[in-house]
Amino acid sequence: MAGNTFGRVFTVTSFGESHGPALGCVVDGCPPGLALAEADLQRDVDRRRAGTSQFVSQRRETDTVRILSGVFEGLTTGAPIGLVIENVDARSRDYERLRDRFRPGHADYTYQQKYGLRDHRGGGRSSARETVMRVAAGAIARKYLAERLDVRIYGYLSQIGPYRLEPRDPAAAYANPFFCPDPEQLPQLEQLLWDLRAAGDSIGARVTVCAEGVPPGLGEPVFDKLDADLAHAMMGINAVKAVEIGDGVAVAFQRGSEHRDELTPTGFASNHSGGTLGGISSGQAILVHLSLKPTSSIQVPGRTIDLDGQAVEVVTTGRHDPCVGLRAVPIAEAMLALVLMDHHLRHRAQNAEVRSRTPDITRAANPAGEQPRQPQQPPAKPPR
């Protein structure tokens, strides 16, 4: 199976299946000398973990991260960093009914056609369980970016079904199980999830992630544009069906005089482009939105076929999220961190000695480094 490595210089290669003994990854290219402990990774991994509230999958995994290599006396050595998380609460018996039939809207059918066989237990390698390693690896990148470049990454749920959630208080997204940045809307979100659980159904969502403090110059102008790599990273997350940078699809309704981000000696007048111009970071906030489909692992009966192509009915039992978007925020943050880390190292390799005569107007606009209120460090444990 190809396609298990992400990145060019800062790379992540993951392995493992949803119901296997463990999941793991190898992170290569991390510069030496970064202070790193398992607790640094555990913080982000816990925010993604199932079973932390009544509104997500009740699979009770501890998701304890172990660092196997690449760290000596608390510092990265420059060697590959091996990470592993054991599966301790897989219930494979819940999937026996799916051994000979395909879930519509899932990867079951395409896996069978591509490989001639599949792991029916929770989707095997196609399961979103694999993303736990992306979050662990992303925590390394996130720590480096924060300490060396003062880059701050955060995210929130920006829509679930019919409810649009404005970022009235982005910090509040880390204090509730919905990653909701508008606390006043929490009661109606709770009711929506209870109704979905009662109906055995699911719903889609939209997640927004942001990186502030990103220096200008990251990304390449042709095939390796920063925004193209961000789209590639986000589309690689399970259930993501659309990615937008900045204003995204709304640009189709805008005029050039409205969309262009005018420059002034004290900064950009707007950020419709989401922090990239010509595929290169502008120094403004990187803004990415991703839309996730409703999961097909639901208890509503549906039509499908079996291994022999015969018509059958399918109902998915087991423990599943009624909205996969609720746990996608830390995953999207991790992928954003991985892309920025990789591009930073690539930029440093070629352009470390470049000096531009043009001042960085994004810093001129805020010389004191003051930022909008946002979570600098997420809580150690997710709220229940």
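Any read-out appearing in this document is the output of simple, stated calculations on the displayed coordinates, not a laboratory observation. Everything quoted here is computed from the prediction, not taken from an experiment. So basically every Cβ, Gly included, is an ideal-geometry build from the backbone, and we count neighbours across all protein chains shown.
Compared with the dominant principal axis of the Cα atoms in the chain, helix 186-199 is inclined by about 30°.
Computed on the range 179-282, the Cα convex hull volume stands at 158 Å³ per residue. Only one residue of Val300, Thr76, Thr11 has its Cα farthest out toward the positive end of the dipole of the chain, where Lys and Arg carry +1 and Asp and Glu -1 on Cβ, and that residue is Val300. Sorted from greatest to least, the principal axis extents spanned by the alpha carbons of the chain come out as 68, 50, 39 Å.
Axis angle, to the nearest 10 degrees, between helix 226-235 and the longest C-alpha principal axis of the chain: 10 degrees.
Computed over the chain with a Gaussian network model linking Cα atoms closer than 10 Å, the most mobile of Gly246, Gly20, Gly33 is Gly33. Using the Stokes-Einstein relation with a Kirkwood hydrodynamic radius computed over Cα pairs, the translational diffusion coefficient of the range 292-360 at 37 °C and a viscosity of 0.692 mPa s comes to 194 µm²/s. For the range 346-352, putting each phi into the Karplus relation 6.51 cos²θ - 1.76 cosθ + 1.60 with θ = phi - 60° gives couplings of 5, 5, 4, 5, 9, 10, 4 Hz, in residue order, rounded to whole numbers and with x for Gly and Pro.
Extension gain, Thr110 to Arg255, is 48.1 nm, computed as 0.36 nm per intervening residue step minus the present C-alpha separation. Translational diffusion of the range 196-349 was estimated from the Stokes-Einstein equation, with Rh taken as the Kirkwood radius over Cα pairs; at 25 °C and 0.890 mPa s the coefficient is 138 µm²/s. For the range 112-224, the dipole from Cβ point charges (+1 on Lys and Arg, -1 on Asp and Glu) about the Cα centre works out to 580 debye, to the nearest 20. The longest stretch of the chain left intact once loop-based GluC sites (Glu not before Pro) with at most 16 other Cβ atoms within 10 Å are removed from consideration, loops following DSSP, is 74-261. Considering only Gly309, Pro162, Met335, and ranking their Cα positions along the charge dipole of the chain that arises from unit charges at the beta-carbon of Lys, Arg, Asp and Glu, the one farthest toward the positive end is Gly309. Taking every lysine pair in the chain that is 8 or more places apart or spans two chains, those with Cα atoms closer than 25 Å amount to 6. Computed from the C-beta positions of Leu68 and His232 and an R0 of 25 Å, the FRET efficiency is 0.35 to the nearest 0.05.
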